[in-house]
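Participant: What follows is a single structure, and I will ask about it in a moment.
The values are calculated or read from the model by the stated rules, or taken from the named source; none is laboratory data. None of the values given here were measured: they were computed from a predicted structure. So basically every Cβ, Gly included, is an ideal-geometry build from the backbone, and we count neighbours across all protein chains shown. Surface accessibility is based on the protein's heavy atoms, side chains included, excluding ligands, DNA and RNA. Shrake-Rupley method; radii C 1.70, N 1.55, O 1.52, S 1.80 Å.
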Amino acid sequence: GNAKLRYQITSGNTGGVFDVEPEVGAIFIAQPLDYEQNKRYKLHVLASDGKWEDYTTVTVNVVNKNDEAPVFTVNEYYGSVTEELDGSPVFVLQVTASDPDKDADQEALRYSLHGQGAESEFIIDEVTGKIYAQRTLDREERAVWRFVVLATDEGGEGLTGFTDVIINVWDINDNAPIFPCPLSCHGDVSENSVIGTSVMEMTATDLDDSAVGQNAVLSYRIVGILDVTNSKQGGVAAFSEMFSINPTTGTITVGLGGLDREQIESYLLVVEARDGGGMTGTGTATIQVKDVNDHAPRFIDQSCQARISEHAEPNAEVLELAAEDRDTGENAQLTFSVVAGDQEQKFYMVSHKQEQHGVLRLKKRLDYERHSEQKFNLTVKVEDLDFSSFLHCMIEVEDYNDHAPVFIPHFLSLAPLPEDVSVGTSVARLVASDSDSGQNRDITYSLSEDSDTEGLFTIDQSGVLSVARPLDREKTAQHQLVVIATDHGIPALTGSATVQLPLLDVNDNGPEFEAAYSPVVFENVAGPQVVRLNQTSTLLRAMDRDSPENGLPFHFTVPPEYRYSNDFYLQDNLNGSATLTALRTFDRERQKEFLLPIVMSDSGHPAKTVTSTLTVTIGDQNDHAHVAGEKHISINSHRGRMPTTVLGKVYAPDPDDWDNKTYVFEGHMPSYFILNKRTGFLIIKENTPPGTYQFQVRVSDGIWPDAISTVTVHVRELRDEAIYNSASLRLAGKVDSPKTYL
């Protein structure tokens, strides 16, 4: 512990810039050093162990450091240069700076120029600080240039100071006055304006400096005036004093009275602007003369007449009127109206103000049948904002076919007429009337085809209804004839009346079978047996299309040669019916049917007798066996193509013809053929190859033993020559069996 030392600085530490570690004796810098304030320190240092102490002197030399930036003589430099100077580079100004460091080399300062235009429009000598303009300048493009100049010590590697440089470009008169309108300036003035009325400002601009000298001080004058109302034809010289201009302000005013838009609508003024340096520029001013309502409208046509149908719908156009007004704009917007001659307000006007025409339209429906609505004398007015004119219009109403013919009465019931009345007999006379005029009231009579589809009646143009063809009460017992009256209007209108005409019956129809009887008597059944006429009755009945008094009761009989027949017997039951009896046993294989003439009479006066044939069919019983048959069939194909074809029925002879047989292939089933099991019809399939096909078919009727029938089909290829050399034969009239001709 006696050897533990402590250190401290006792003197020479000016400003306390140094300090010492008390236990180790390390001297360190405690405050910033400044070479310019103190270049050397002599420090007295004490070392002590608590009892003994010793001193030493430490000398610290401060080495100079570059810590002061260069300083310019002024904070802002101003210079100027005249625009458009030749002989670049042109000296503008010089900047100077100094280095405040002690013992600094002032020759080591280097200058540099910064900002838009540096190194292009302007340069600086890095050693002297002189600034030059190296290009020709244009003040109208840029009047002031601003730069920052830097001064750097130690040959451009040290600290930097800066200053602002402002360079003004001096103006010369190198720009002529320019008017701002690219093509033409525009102004307007009302016609009839008094002298001195301001029209427009016609001012030009001069890019030269207006603050210095007279280069941008302008004066104005008018050098020409043209009439350009019709621009397509070019301008025409007008009065040169019509307008004047203030030489200082460029204000254009009316120079003479009597501006008339209807004579000249547009003026073109050529204006010159001159600056103080003598340079000039010209511009054009187009002056539109605004309209003043100083003309009354007038109709283009001085006469007016039109025709309109009474059928016209409301809002229908009647006529169109055109007017003119020498004014323009809103002063020429015309309104049309009906002011007289239309007490019931049947018409109204639609005004097309901009187009200067009006349309007379129908407001209410017209009725030609009213005398007051057959003609109208209208007074039409056209007016602008201040003036008006009148025109008389004659409107004639045309009759329209709006009334249909009318029958009185419209329904006529006639007394019954015998159905055998003679053709040409007059039945009735009908008359129709029409309220229209002219051809619209002329009438043509006709009969509705729907009420007289067979044309049994006719009507002439005097309205007389007559019989045209023989009548038949059994077809139509009562006729409802619709008589049509058609006028000659366009389109034509019709009216109708109904004529009811009943017919009296005449016994002109004999009895006829009540139904389509198809009686069947089966073979092998012992007689006598009552024949069933249909499925529900054994009675033979008749009917008569005449009225009842010419009908029942009916009487039945057969011709004398049939009355003692061994086949059938007919019994008249005297009550409007008859019964037929089969007297013996029949064999269908001998005779399939019997035709019996039945004589029938009605009770009319005189009576009507007719003969109708009753066909009695002998029903088949399966009383014969069928046997095997053989059939050969030939069919042609062309180029391997053939449609699906029905070849016919498998042949198995059997005297019976009502049997229900079934047909199936026996043994090998041919692939190109289809067999209908129920009918036995054989079908060959489409495009069967040529060749001969033979197969067997088993035929069965469920009672007799089965039979095996053979079918041979020959499919032959038909050559092209056979088709090309073929012909067709058509037989007219009554033709025998085809086998007769083969």
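Participant: Among the strands (runs of 3 or more DSSP E) lying completely within the stretch 446-519, list those that include at least 3 residues that are over 17 Å from SER426 (Cβ atoms) and not hydrophobic (A, V, I, L, M, F, W, C).
Facilitator: On the way: elements: 457-459, 464-467, 478-487, 494-504.
So the answer is 478-487, 494-504.
Participant: Still on this model: Between residues in the stretch 120-140 that are farther than 18 Å from GLU83 by Cβ and part of a loop (DSSP other than H, G, I, E, B) and residues that are open to solvent by 40 Å² or more (accessible area, probe 1.4 Å) and polar (S, T, N, Q), which pairs lie under 6 Å by C-beta distance while being six or more apart or on different chains?
Facilitator: Cβ pairs passing all conditions: GLY129/GLN94; GLY129/THR96.
Participant: In the stretch 402-435, how many are modelled with pLDDT under 90 and in contact with a Lys or Arg (Cβ under 7 Å, 6 or more places away or on another chain)?
Facilitator: Qualifying residue count, the stretch 402-435: 2.
Participant: Could you check, for the stretch 378-394, whether at least one of its residues is open to solvent by 30 Å² or more (accessible area, probe 1.4 Å), within 27 Å of ALA492 (Cα to Cα), assigned to a loop (DSSP other than H, G, I, E, B) and of a type outside the set (Asp, Glu)?
Facilitator: Of all residues in the stretch 378-394, those open to solvent by 30 Å² or more (accessible area, probe 1.4 Å) come to 381, 383, 385-388, 390, 392, 394.
Filter again for within 27 Å of ALA492 (Cα to Cα), leaving none.
No, every residue in the stretch 378-394 fails to be open to solvent by 30 Å² or more (accessible area, probe 1.4 Å), within 27 Å of ALA492 (Cα to Cα), assigned to a loop (DSSP other than H, G, I, E, B) and of a type outside the set (Asp, Glu).
Participant: Also, quick follow-up: Which condition does ALA3 not pass, out of (1) over 28 Å from LYS65 (Cβ atoms); (2) part of a strand (DSSP E or B), if it passes all the others?
Facilitator: (2)
Participant: What are the residues in the stretch 407-435 that are in contact with a Phe, Trp or Tyr (Cβ under 8 Å, 6 or more places away or on another chain) and open to solvent by 30 Å² or more (accessible area, probe 1.4 Å), if any? Before the answer, list the steps.
Facilitator: Pass one, the stretch 407-435, residues in contact with a Phe, Trp or Tyr (Cβ under 8 Å, 6 or more places away or on another chain): 427, 430-432.
Listed by number, the residues that qualify are VAL427, VAL431.
Participant: Turning to a different aspect of this structure: Looking only at the stretch 141-173, which residues are in a loop (DSSP other than H, G, I, E, B), under 26 Å from ARG110 (Cβ atoms) and small (Gly, Ala, Ser)? Steps first, answer last, please.
Facilitator: Pass one, the stretch 141-173, residues in a loop (DSSP other than H, G, I, E, B): 141-143, 153, 157-159, 171-173.
Restricting the remaining residues to those that are under 26 Å from ARG110 (Cβ atoms) gives 153, 157-159.
Correct list: GLY158 only.
Participant: Among ASP487, ASP472, ASP452, which is the only one that is surrounded by 15 or more Cβ atoms within 10 Å (Cβ to Cβ) and in contact with a helix residue (DSSP H, G or I) (Cβ under 9 Å, 6 or more places away or on another chain)?
Facilitator: Details: ASP472 fails: in contact with a helix residue (DSSP H, G or I) (Cβ under 9 Å, 6 or more places away or on another chain); ASP452 fails: in contact with a helix residue (DSSP H, G or I) (Cβ under 9 Å, 6 or more places away or on another chain).
Just one listed residue meets the conditions, ASP487.
Participant: Are there any pairs with C-beta distances below 8 angstrom linking a residue in the stretch 253-265 that is free of Cβ contacts under 8 Å to residues at least 24 places away in the same chain to a residue that is buried (at least 18 other Cβ atoms within 10 Å of the Cβ), with the two at least 6 apart or on different chains, and if so which?
Facilitator: Hits for this filter: zero, empty list.
Participant: What do you reckon, is VAL58 part of a strand (DSSP E or B), out of contact with any helix residue (DSSP H, G or I) (no Cβ under 6 Å at 6 or more places or on another chain) and surrounded by 17 or more Cβ atoms within 10 Å (Cβ to Cβ)? I'd like the intermediate steps shown before the answer.
Facilitator: Values: part of a strand (DSSP E or B): yes; out of contact with any helix residue (DSSP H, G or I) (no Cβ under 6 Å at 6 or more places or on another chain): yes; surrounded by 17 or more Cβ atoms within 10 Å (Cβ to Cβ): no.
No; evaluated as a whole, the condition is false for this residue.
Participant: With the checklist (1) touching a Gly at 6+ places or on another chain (Cβ under 8 Å); (2) open to solvent by less than 40 Å² (accessible area, probe 1.4 Å) in hand, flag the one item VAL17 doesn't pass.
Facilitator: It is condition (1) that VAL17 fails.
Participant: Sticking with this one: May I ask you to list the residues in the stretch 286-298 that are closer than 15 Å to GLU265 by Cβ and assigned to a strand (DSSP E or B)?
Facilitator: THR286, ILE287, GLN288, VAL289, LYS290, listed by residue number.
Participant: Anything in the stretch 633-654 that is part of a loop (DSSP other than H, G, I, E, B) and open to solvent by less than 70 Å² (accessible area, probe 1.4 Å)? List them, or say none. Even if it seems obvious, please write down each step before you answer.
Facilitator: Going residue by residue through the stretch 633-654, those that are part of a loop (DSSP other than H, G, I, E, B) are 639-640, 642-644, 650-654.
Within the stretch 633-654, GLY640, MET642, VAL650, ALA652, PRO653, ASP654 meet the criteria.
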